[in-house]
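The values are calculated or read from the model by the stated rules, or taken from the named source; none is laboratory data. This structure is a prediction, so every number in the text was calculated from the model and none was measured. Note that we place each Cβ from the backbone using ideal geometry, even for glycine, and neighbour counts take in every protein chain shown. Heads up: the accessible areas ignore ligands, DNA and RNA and are worked out on the full protein's heavy atoms, side chains in. Shrake-Rupley method; radii C 1.70, N 1.55, O 1.52, S 1.80 Å.
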Amino acid sequence: MSAKVVVGTQWGDEGKGKIVDVLADRADMVVRFQGGDNAGHTVVVNGKKHVLHLLPSGVLRSEAACIIGPGVVCNPFVLLKEMKTLEESGLSTDHIQISDRAQILMPYHCYQDELEEAAASHKIGTTKRGIGPCYQDKYARKGIRYHEFIDFDSFEQRLRENLAFKNRLFTGVYGGEPMDADEMVEQFREIHDRIVPMIVESTHLVNDAIKEGKEVLFEGAQAAMLDINYGTYPYVTSSSPTSAGVTVGAGVAPSKIDQVIGVVKAYSTRVGEGPFVTELLDEQGDWLRDQGHEFGATTGRPRRCGWLDLVVVRHADMLNGLTDIVLTKLDVLGGLDEIKVCTGYEIDGEVLDYVPSDQAEVAKAKPVYTVLPGWKEDISKMKTWDELPENAKKYVEFIEEFTGVPVSMVSVGPDRINNIDHNDRLN
Ligand code: GDP
Ligand code: IMO
Ligand code: MG
């Protein structure tokens, strides 16, 4: 029994949701620690697809407690909608709890996100879910936390004060419309009785579970290259989607974490703006998008596609201290004669083996590729390592050698059963 962290190692959408669902089989608790409903985590069970935005992907395993942790910016309306969808599928939502320290993502944050993006000369391409504005208010110490929702009268006062200020910003700076305070208060009054019973002091719950030797899974959203400090700033999200994020976002000390599992997609994708060194703007990129069904789970936007960038994965390993890699979507690469993998960045004639801090430098980088042989077989029904074609094994082994991290599981399809165990480390 242990505390395991699952994080994205690229630009998100690596298949974290699927892997959390697989690992949640034996988990007692699954915890989200950062981000909000900008995440779109797809889990496929017996052919039925579930897309989760706020709920931890362990929610489909009714035995595991599901916690929306202190570091999350949680839109309560989206949360209730998501719970309703699950209930309509006959699933239980009784095991969902929200940290009293989590931030309430307010309707005015979503509108602010829209106005900021519309006004920006360099657009980030956000999901428009209000994530940046909610974290801005959190760090400006103007945010409203879930414990403040319990006493509705004082919550109402906070809402009115904050909205009065936001309306001056919306109309005066952005030329937008003011939002109606009475209407917003009524929207929150309607959901008060459903939300309040879910609010808990989660930090003790999580730490006690670890102390008692329970299996606790921390589910990262987004990924290393979208990290607020170490990603391609400013084209990033507003949180720390790394193993370090667990310590601040769930209140768990680094020494309590046993395994850090980095989910690596067998090629690269990115949604939104920002540099992407291995991006393929040709038919090869279109082929990857078609084969991998690369369209955003949250916004439906087509994902930008390119070859696997191991400079990025090594960056993610450095930040996260990966103990294991789960390689996803290896099935998508089947049919190619050769597969390219980026192992360095050439910038102004010099080859770098790390990601520079300045995104303008990253934008100039030309990928240095190692070319590996492909395979023709459909591997999506394979169940064991031995069944895999030799060249697929070589691809996996190349990743292990380059990063120095064991690939403990290979995912070959979207369903919870489409996995190949490699070394028994995740059992
Ligand atoms: P997340 O945000 O990291 O949870 O990833 P998303 O759910 O946004 O995107 C991953 C997509 O790939 C989803 O549609 C998954 O159902 C799908 N997927 C996950 N693992 C595999 C795999 O091994 N093979 C294939 N073909 N699809 C996969
Ligand atoms: P999951 O958890 C992929 C991207 C957005 C944009 C940038 C900032 O499904 O992997 P934000 O709305 O967070 O302010 O947008 O980050 N982004 C994601 N891209 N997967 C995600 O989550 C993402 N969450 C945010 O497209 O470029
Ligand atoms: Mg996603």
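Miscellaneous remarks
- For V72, nonlocal amide neighbours, meaning residues 5 or more places apart or on other chains whose placed amide H falls under 5 Å from its own, are Q103.
- Other residues whose C-beta falls under 13 angstrom from the C-beta of Q157 contribute a net charge of -3, scoring Lys and Arg +1 and Asp and Glu -1.
- For segment 244-297 versus segment 333-397, the inter-centroid distance based on Cα atoms is 15 Å.
- Histogrammed with a bin width of 10 Å, the alpha carbon distances of segment 311-422 distribute as 13, 39, 32, 14, 2 percent, first bin at zero.
- The orientation-averaged projection of the convex hull spanning the C-alpha atoms of segment 188-312 amounts to 10.8 square nanometres.
- 3J(HN,Hα) couplings calculated from phi for segment 288-293 with the Karplus curve 6.51 cos²θ - 1.76 cosθ + 1.60 (θ = phi - 60°) are, in sequence order, 4, 4, 5, 5, x, 6 Hz; Gly and Pro show x.
- With a cut-off of 11 Å between beta carbons, the residues surrounding K48 carry a summed charge of +1, where Lys and Arg count +1 and Asp and Glu -1.
- Selection from C342, A365, G213 lying farthest towards where the dipole of the chain points positive, charges on Cβ: G213
- Rounded if a/c under 1.5, otherwise prolate or oblate - segment 85-160, Cα gyration tensor axes: oblate
- The distance between label points at F295 and S62 comes to 3.3 nm (points 7 Å beyond Cα on the Cα→Cβ vector).
- Solvent-accessible area, 1.4 Å probe, carbon plus sulfur percent, for the chain: 49 percent
- Within the same chain, lysines fewer than 8 places from K364 are excluded, and of the rest, those with a Cα less than 22 Å from its Cα are K123, K340.
- Residues in segment 311-335 reached by a label modelled at D378 [backbone nitrogen below 14 Å; 7 Å Cα→Cβ]: 331-335
- Summarising the amide proton neighbourhood of Q34: residues at separation of 5 or more, or on other chains, whose placed amide H is nearer than 5 Å comprise A221.
- A Förster radius of 51 Å combined with the Cβ-Cβ distance from D348 to E390 puts the calculated FRET efficiency at roughly 0.85.
- Choice from S154, S89, S255 with maximal GNM fluctuation in the chain (Cα, 10 Å cutoff): S255
- Computed magnitude of the charge dipole of the chain (debye, nearest 20; Cβ of K, R +1, Cβ of D, E -1): 380 debye
- For L308, the residues 5 or more places off, or on other chains, whose built amide H falls under 5 Å of its own are S268, C342.
- Using distinct alpha-carbon pairs, which all enter the 1/r mean, Kirkwood radius of the chain in Å: 22.1 Å
- Remark: relative contact order (segment 264-421) = 25 percent; criterion is Cα-Cα distance under 8 angstrom and separation of 6 or more residues.
- Direction-averaged projected area, Cα convex hull, segment 20-75: 3.7 nm², rounded to one decimal.
- Contour excess over end-to-end distance, with Cα ends at Q157 and Q187 and 0.36 nm allotted per residue: 9.3 nm
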